[in-house]
Amino acid sequence: VAKGAVHIDREGKRLEATVGLPVRAADVLVTGADGSAGVTFSDNSLISVGPNSVFAIDKYRFDSTTHAGEFEGSLRKGRLAAVSGKMVRQTPESMQIRTPSSVMAVRGTEFVVQVDEPAPAPAR
């Protein structure tokens, strides 16, 4: 799903995010002020990114037979909601989301995280 201003940064190129466009490990999903996007991964994990967000898919692999895999992502700014899929049910520590100030190991099924822009430093 892609609504409003949404693009993917891939290998130095900017691609318009459209429904059905496959995402890859190392892609960075970027939404504008009116943008939002949803991605369904092959293990049925769902990621929803809100306006003014930057989310990088750092690592993703999934074995559809054993349900083993690894999912690492980085929310650099904005808001992300997720519902974990088959790999987390198989191996709870298989999904991690990083923010500028933390790393979350996802062991439940649903979560929301928000990264605000840092406040400007006070003038001296």
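The values are calculated or read from the model by the stated rules, or taken from the named source; none is laboratory data. Here the structure is a predicted model, which means the values were calculated and not measured. FYI the Cβ positions are ideal-geometry reconstructions off the backbone, even for glycines, and counts take in every protein chain you see. Side chains are part of the model used for accessible areas, which takes the heavy atoms of the whole protein and leaves out ligands, DNA and RNA. Shrake-Rupley method; radii C 1.70, N 1.55, O 1.52, S 1.80 Å.
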Beta bridge orientation in the chain: antiparallel %, DSSP, nearest 5: 90
Ignoring ligands and nucleic acids, what accessible area does residue 93 show with a 1.4 Å probe (Å², nearest 10)? 100
Protein chains only, probe 1.4 Å: how do 10, 89 rank by accessible area, largest first? 89, 10
Can you sort 46, 80 by solvent-accessible area, 1.4 Å probe, largest first? 46, 80
Here the FRET efficiency for residue 44 versus residue 104, based on Cβ atoms and R0 = 22 Å and rounded to 0.05, is 0.65
Two pseudo-spin positions, 7 Å from Cα along C-beta at residue 90 and at residue 3, lie apart in nanometres by 3.3
Given the -39500 (n - 2.57) contribution per DSSP H run of 4+ residues, what per-residue ellipticity at 222 nm results for the chain, rounded to the nearest 500 deg cm²/dmol? -1000 deg cm²/dmol
If each part is reduced to its alpha-carbon centroid, region 48-75 and region 2-21 end up apart, in Å, by 16
Order 99, 109 by their accessible area, 1.4 angstrom probe, all chains in place, largest first. 109, 99
Suppose all protein chains stay in the model; what accessible area per residue would a 1.4 Å probe give for region 1-117, in Å²? 55
Along its three principal axes, how long is the chain when you only count alpha carbons? Whole Å, largest extent first please. 56, 32, 24
Any idea what the relative contact order of the chain is, in percent, if you count C-alpha pairs under 8 Å spaced at least 6 apart? 18
